[in-house]
Each structure stands twice: as C-alpha cells, then as structure tokens.
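Below is one structure; the comments refer to it alone.
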C-alpha cells in the first residue's frame with residue numbers, strides 16, 4: 001500500500017510532459033555562401049503538426065529585411081506559398097551586394113488552425129550568409 005501511495009505521489013508531483021509544438025517555423029539560406037553579385041535562395045518553412053494547418057486564406061505576411069543583400073521580394077504572401085502535404089514553403093532569391101558577412105530576417109504573421117478555431121501567430125527569425133569576392137576567370 002505504501003508503494004502505491006508513493007508511486008501516485010511521484011506521478012502527481014512529476015512535471016507535465018512537454019507537448020509537441022503546434023508548428024515548426026524556420027528561415028534558412030539554401031546556399032550559406034554566395035559570390036559578390038551572385039544569387040542565392042532563402043526559404044521559409046511552416047510545418048504544422050498533424051492536427052493543425054496553416055490557413056492560406058486568412059491574412060498571411062512574411063516581411064523580409066536584409067543587410068548586405070538585395071532581395072527579389074521583400075514581402076511574401078499566400079500567392080508565394082508552395083504546399084507539400086502539411087509543410088508550406090516560401091522562397092525568394094537574394095543577391096550578394098557587399099562582401100563579407102550578411103544577413104536577412106523575416107517577421108511573419110500567419111494563422112494556425114484546427115477543426116474549430118484559428119489562432120494568430122507571429123515569428124521573427126534571422127539567418128546569416130557570407131558574400132565571397134568574385135572568383136577570377138582562369
């Protein structure tokens with residue numbers, strides 16, 4: 001009986017198991033290094049867990065900013081989304097405009113939904129790249 005009481009006490013006092021997050025959000029450069037004047041691609045990924053979805057019909061904004069890079073698009077929305085199962089990706093190109101370390105950042109506003117309700121989410125991320133000098137032709 002004492003062992004049963006102790007195991008119940010331990011269970012009640014145990015910290016709750018961490019729930020799987022509602023979604024995963026990432027920002028990455030597909031090429032972490034580019035030559036000066038060359039282009040690379042940046043990718044934003046939103047991957048909801050199985051019981052959730054990213055609502056592409058509600059307001060959705062991916063505002064991009066950069067330092068040392070020129071972005072093809074500074075604002076991405078639902079029209080730029082590419083769905084692969086539950087994973088949604090957004091991509092745009094960037095050009096290295098200044099040699100050395102460079103970065104880009106995103107401020108994202110979107111809605112994650114389940115069968116009953118949608119909730120507004122915001123995320124901010126920064127990624128870094130290196131802009132190398134142009135290589136000389138041989």
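Going from the fewest other Cβ atoms within 10 Å to the most, the residues 75, 60 appear in the order 75, 60. Cβ-to-Cβ counts within 10 Å put 44, 112 in ascending order as 112, 44, the fewest first. The sum of -39500 (n - 2.57) across all DSSP H runs of n ≥ 4, divided by the residue count of the chain, sets its helix-only mean residue ellipticity at 222 nm to -2500 deg cm²/dmol. Hey, what angle do you get for helix 2-13 against the long axis of the chain, alpha-carbon based, 0 to 90 degrees rounded to 10? Value to nearest ten degrees: 30.
Evaluated at q = 0.14, 0.28 Å⁻¹, a Debye calculation over the C-alpha positions of segment 72-116 (equal weights, vacuum) places log10 I(q)/I(0) at -0.50, -1.22. By the count of neighbouring beta-carbon atoms within 10 Å, fewest first, 54, 36 end up ordered 36, 54.
Mean separation of Cα pairs under 8 Å and 6+ residues apart, divided by the residue count of segment 21-132: what relative contact order is that in percent? The value is 33 percent.
Annotation: average projected area of segment 21-132 is 6.5 square nanometres, based on the convex hull of Cα atoms across all directions.
Since every read-out is calculated from the coordinates, none of them should be taken as a lab result. Small disclaimer: the values here were computed from a predicted structure and weren't measured. Glycine gets a Cβ as well: all are built from the backbone with ideal geometry, and neighbour counts include every protein chain shown.
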